[in-house]
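A short worksheet on the structure shown next.
The values are calculated or read from the model by the stated rules, or taken from the named source; none is laboratory data. On a predicted model such as this, the values are computed, not experimentally measured, just so you know. Positions of Cβ are backbone-derived with ideal geometry, glycine not excepted, and every protein chain shown enters the neighbour counts. In case anyone asks, the SASA skips ligands and DNA or RNA and just uses the protein heavy atoms, side chains included. Shrake-Rupley method; radii C 1.70, N 1.55, O 1.52, S 1.80 Å.
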Amino acid sequence: MGVADSRSYRRSSALALLLLVAALSACSPGEQASAPAPEPAIPHPELAELDPPLAREIEARRAALDSLLADQEASAVDRARAFGDLGRLYQAHRLLEPALACYREAHALDPESFAWAYYLGVQAAGAGDIETARPAFRNALDLRADDAPALVRLADLELEHGKVDEAELLYVRAAVVDDSAAVAYGMGRVAEERGEYAEAIEQFERALTLQPRASVIHYHLGQAYRELGEFDRAGEALARSGPLRVAMADPLMHELTTLAIGALPHLDRGHAAAREGRLGDAEAAYRQAVAADATNVRAHESLATLLVRRGDPEGAIEHFGVAVRLEPENAQTHSDLGVLLAEQGRNDRALEHLVRAVELEPGNGEARLGLGAVLAQTGSFEEAVVELEAALRQIPEGRRTPRLHFGLAEALVRTGRLEEALPHYTQVRDLDPTQGVAWLREATVLMGLGRFAEAKATLEERLRVDSTDGRAAHSLARLLAGAPDPTLRDGPRAMTIAGALLQADNAAPNAETAAMALAEVGRFEEAVSIQRTLVEEARRRGRTGEERRLTRNLERYERSEACCARVADAFPPY
């Protein structure tokens, strides 16, 4: 068959096909096969995986949509609304793929609706589907040319894909109707892309004036200052940069927050607010989650955890308690509640929950740490050591806290295992050099072991780290004045330290240390005078043990002997 014959054949075939279609169209209804329009492919979520209240609502809406699609008299606008409203419900609950599919159908059925075009653009842009998002936003702007959110979102999209000129025109249009931080931020980024850094800085500064919490702006501001060689100002701006994005008034997107069913959407908003440091907003969202579904364990746990951060332990205990009752096999919730109860001094209830947490999850190091701490507080030191050593094995090295090592060291000391305690005190101060009590306790244990030279070195190192640590200075003064090892004594230095301490606070422990130092330098009469006053005060208060100890040293001073009757005299008075 030649080319001409081929063309002729195709024309005749096409004509025959048209005649066949026309003939079928002319047939009576009973004579033609009626094929229903294919149902749109919407990737509906599995209802069993959703919160029950949300699952019930989606099921009802899907049934209504199916009924509407089966109704041949239903208008395209009504069908579009059914698809769009279901899409909004999906989007409100972060079911993003089915939301996008619903918006596609709604926009196709009702292209004159601004809402369906806008929602389609937002959802497609979020999914990275630029080929859908760009025309959807343009359609929305054809319907409502001065809508600021649509202008800004399309401008952001164009800027992100290198279309700087198009983005600038859209931001300029938006600025006419919306003098907002979002517009100024966008204009700043346009100037930044063009290398116009002075203009960019002006726009970023304006955006920050309008929305100071939007910490992401500081990053761009810092980069612009750096490009201009203003490195100090760049460093200041970059140090203040963070994840908080620029917010924009967007009525249609705000409407989605009113569609939340169940706890999950509120939880998502609460988590985002908590990450951004907006604790008040986070608390409000978590309370909404609890109100929406009082049986949601995560809602109660999240609210309780936030209330701890906000200084409301009683409220936190209440909601942790609800979570435990709803899910009694949850080891972590038992642990969280037990630790919080222990911090409030409610050790009996704390033990109940911490023991249960360990029973449910023996490998939970945090629960064992909490249990060990409570056992130590209640005097069960042997059991405390067992739990704390287990916690040490179970908690990875990078997550071990000073609290763990300090608690274990203290429990070991109380069971007489001083040598084993020492490395844990050292670990505390290595992890956090500001933990002055760990240095002091390490020095005290070294004294208890008779290792006075090491105790002296530890206290001196502590004072090099923090010269204002009065307790370390006091301990060092006593050691210098009363160490059993005479080679470690230094009366004049002890006098200097003790005198400064006494001048700052004339409390009895400081006076006792001053008397020790006076005796060490041979000023026995002054030492006797101070010591007698201390003995009389102890007698008056009925402190028999303290009176005996003070009297023993008084008798030494009266015999013109320095203090060193017993090793205990060198221990700090704490």
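Using the structure shown, decide if residue 360 is in contact with a helix residue (DSSP H, G or I) (Cβ under 9 Å, 6 or more places away or on another chain) and open to solvent by less than 40 Å² (accessible area, probe 1.4 Å). Lay out the reasoning, then the answer.
Values: in contact with a helix residue (DSSP H, G or I) (Cβ under 9 Å, 6 or more places away or on another chain): yes; open to solvent by less than 40 Å² (accessible area, probe 1.4 Å): no.
So residue 360 does not fit the description; no.
Which helices (runs of 4 or more DSSP H) does region 466-561 wholly contain that include 2 or more residues that are of a type in the set (Gly, Ala, Ser) and open to solvent by less than 20 Å² (accessible area, probe 1.4 Å)?
Those helices (runs of 4 or more DSSP H) span 470-482, 491-504, 508-520, 524-540.
Would you please name the residue that is nearest to the chain's Cα centre (by Cα), looking only at residues in region 224-257 that are small (Gly, Ala, Ser) and under 18 Å from residue 183 (Cβ atoms)?
Of the residues in region 224-257, the ones small (Gly, Ala, Ser) are 224, 229, 234-235, 237, 239, 241-242, 247, 249.
Among the residues that remain, those that are also under 18 Å from residue 183 (Cβ atoms) are: 224, 247, 249.
Values: 224: 30, 247: 21, 249: 26 Å.
Among them, the one singled out is 247.
Every residue, every condition in (1) in contact (Cβ under 8 Å) with a residue 60 or more places away in the chain; (2) open to solvent by 30 Å² or more (accessible area, probe 1.4 Å); (3) over 21 Å from the mean Cα position of the chain (by Cα); (4) on the phi > 0 side of the Ramachandran plot, yes or no:
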| site | (1), (2), (3), (4) |
| --- | --- |
| 275 | no, yes, no, no |
| 291 | no, yes, yes, no |
| 295 | no, yes, yes, no |
| 334 | no, no, no, no |
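Would you kindly identify the helices (runs of 4 or more DSSP H) lying entirely within region 330-412 that contain at least 2 residues that are farther than 22 Å from residue 318 by Cβ?
Here the list reads 347-360, 365-377, 381-394.
Which count do you get for residues in region 541-557 that are touching a residue at least 12 places away in the same chain (Cβ under 8 Å) and among the acidic types (Asp, Glu)?
Residues meeting the conditions: 1.
Within region 160-182, how many residues turn out to be farther than 18 Å from residue 132 by Cβ, under 34 Å from the mean Cα position of the chain (by Cα) and either open to solvent by 20 Å² or more (accessible area, probe 1.4 Å) or among the aromatic types (Phe, Trp, Tyr) (or both)?
Counting residues in region 160-182 that are farther than 18 Å from residue 132 by Cβ, under 34 Å from the mean Cα position of the chain (by Cα) and either open to solvent by 20 Å² or more (accessible area, probe 1.4 Å) or among the aromatic types (Phe, Trp, Tyr) (or both) gives 3.
In this structure, is residue 143 closer than 18 Å to residue 250 by Cα, open to solvent by 30 Å² or more (accessible area, probe 1.4 Å), without any contact (Cβ under 8 Å) to a residue 60 or more places away in the chain and in contact with a Phe, Trp or Tyr (Cβ under 7 Å, 6 or more places away or on another chain)?
Spelling it out, residue 143 is indeed closer than 18 Å to residue 250 by Cα, open to solvent by 30 Å² or more (accessible area, probe 1.4 Å), without any contact (Cβ under 8 Å) to a residue 60 or more places away in the chain and in contact with a Phe, Trp or Tyr (Cβ under 7 Å, 6 or more places away or on another chain).
Would you call residue 404 crowded, with 16+ Cβ neighbours inside 10 Å and either modelled with pLDDT under 95 or within 30 Å of residue 443 (Cα to Cα) (or both)?
So residue 404 passes the test.
Listed here are the residues, each with its yes/no results for (1) open to solvent by less than 40 Å² (accessible area, probe 1.4 Å); (2) closer than 30 Å to residue 171 by Cα; (3) within 31 Å of the chain's Cα centre (by Cα); (4) not charged (D, E, K, R).
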| position | (1), (2), (3), (4) |
| --- | --- |
| 53 | yes, no, yes, yes |
| 58 | yes, no, no, yes |
| 73 | no, no, no, no |
| 78 | no, no, no, no |
| 96 | no, yes, yes, yes |
| 132 | yes, yes, no, yes |
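On the given criteria, is residue 256 open to solvent by less than 30 Å² (accessible area, probe 1.4 Å), in contact (Cβ under 8 Å) with a residue 24 or more places away in the chain, not in a helix (DSSP H, G or I) and not small (Gly, Ala, Ser)?
no
Please count how many residues of region 315-329 are outside any loop (DSSP other than H, G, I, E, B), touching a residue at least 24 places away in the same chain (Cβ under 8 Å) and not β-branched (Val, Ile, Thr).
Looking only at that region, the number is 4.
Being over 30 Å from residue 40 (Cα atoms), buried (at least 21 other Cβ atoms within 10 Å of the Cβ) and free of Cβ contacts under 8 Å to residues at least 40 places away in the same chain narrows it down to one residue among 154, 221; which is it? It would help to see each step written out before you state the result.
On the way: 154 fails: over 30 Å from residue 40 (Cα atoms).
So the residue among 154, 221 that is over 30 Å from residue 40 (Cα atoms), buried (at least 21 other Cβ atoms within 10 Å of the Cβ) and free of Cβ contacts under 8 Å to residues at least 40 places away in the same chain is 221.
Does residue 420 fit the bill of being touching a helix residue (DSSP H, G or I) at 6+ places or on another chain (Cβ under 8 Å) and open to solvent by 60 Å² or more (accessible area, probe 1.4 Å)?
Working: touching a helix residue (DSSP H, G or I) at 6+ places or on another chain (Cβ under 8 Å): yes; open to solvent by 60 Å² or more (accessible area, probe 1.4 Å): yes.
Yes.
Any residue at all in region 375-387 that is on the phi > 0 side of the Ramachandran plot and modelled with pLDDT under 95?
Yes; the residues of region 375-387 include at least one that is on the phi > 0 side of the Ramachandran plot and modelled with pLDDT under 95.
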